[in-house]
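Inspection log for the structure reproduced underneath, given as structure tokens.
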């Protein structure tokens, strides 16, 4: 990771803190990072990491090569007007603000600003995130590389050629951890109903989902092939999958669910 750039991290909630910790873990010096957050508790966390923090944006923007926007969507309109100095010095704006488009951000900055929009997900908190990014034409090759490195510090990254795909990304990887948490919840509840003790039910559900995910990532084969391989004809797994895959089954439900999430993402972008 290149470490010479000065980063202004606007917003130091859960995702902002995950990013800050990830950068430090990947060798970035704390002196190259500055946090802006109006909440005293968030600034106190930054201080424990050796990161300077203040409650306003303007001063840090005047020093920034990168402005990372990690605020809630309803806070963004109050933040962008304070970033004029960063625009003037040619900083790139890396936004992880849900539902806000590149055009909306660039218009609020009042110029053809360099903007990268990103959608990380919850596992970024443990360095296992998945982030999709898309850049506008004003972003240089060096800025694109830097933004990829900054999000790569908390997991895998993938670049999109078209911002329209961001709604689908939101529905799959952005909201996807919640679907997996629901699966764990359901497996745990099923174990309880089958008579297992609570501690064992939780352990089995968590380890099974985590292990299956790691195995699928390492196997180098399609999920469909892995499923077929562990499904013996007329066996126990086949009995369960017959229920899960009958109409309407898990496949159809997930398609409906992700379509709903994608549609809501489009709605948020216009609200």
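What follows is calculated from the coordinates using simple rules that are stated; it is not laboratory data. Nothing here was measured: the structure is a model prediction, and the numbers come from that model. Counting neighbours? That spans all protein chains shown, and the Cβs are built from the backbone with ideal geometry, glycine included.
Connecting C-alpha atoms closer than 10 Å in a GNM of the chain, tell me which of 114, 103, 239 has the biggest fluctuation.
Maximum fluctuation in the GNM of the chain, among the listed residues, is at 239.
Under a crude label model (7 Å from the Cα following the beta-carbon direction), how far is residue 253 from residue 58 in nanometres?
5.3 nm
Quick one: length gained pulling residue 145 to residue 199 fully straight, 0.36 nm per residue minus the C-alpha distance?
Values: separation 54, 0.36 × 54 = 19.44 nm, distance 4.49 nm.
Here the segment from residue 145 to residue 199 would lengthen by 14.9 nm.
What value, in deg cm²/dmol to 500, does the helix sum -39500 (n - 2.57) over DSSP H runs of n ≥ 4 give at 222 nm once divided by the residues of the chain?
Using -39500 (n - 2.57) per qualifying helix, the result is -15000 deg cm²/dmol.
Could you grab the relative contact order for the stretch 7-166? Cα pairs under 8 Å, six or more apart, rounded to a whole percent.
20 percent
For helix 176-193, what angle does its Cα long axis make with the longest principal axis of the chain, in degrees from 0 to 90 and rounded to 10?
The helix 176-193 is inclined about 30 degrees to the chain.
Among 250, 166, 119, which one shows the biggest mean-square fluctuation in a GNM of the chain, springs joining Cα atoms closer than 10 Å?
Of the options given, 250 has the highest mean-square fluctuation.
Any chance you could give the angle, 0 to 90 degrees and rounded to 10, that helix 198-219 forms with the longest Cα principal axis of the chain?
Relative to the chain, helix 198-219 is tipped by roughly 70 degrees.
Taking square-rooted eigenvalues a ≥ b ≥ c of the alpha carbon gyration tensor, is the stretch 31-75 rounded, prolate or oblate, where a/c under 1.5 means rounded and, failing that, a/b exceeding b/c means prolate?
On the way: a/c = 1.74, a/b = 1.06, b/c = 1.65.
Note, shape of the stretch 31-75 comes out oblate.
Specify the angular offset, from 0 to 90 degrees and rounded to the nearest 10, of the alpha carbon long axis of helix 14-25 from the longest principal axis of the alpha carbons in the chain.
80 degrees
Estimate the FRET efficiency between residue 40 and residue 75 by the formula 1/(1 + (r/R0)^6), using the beta-carbon distance for r and 25 Å for R0, to the nearest 0.05.
0.95
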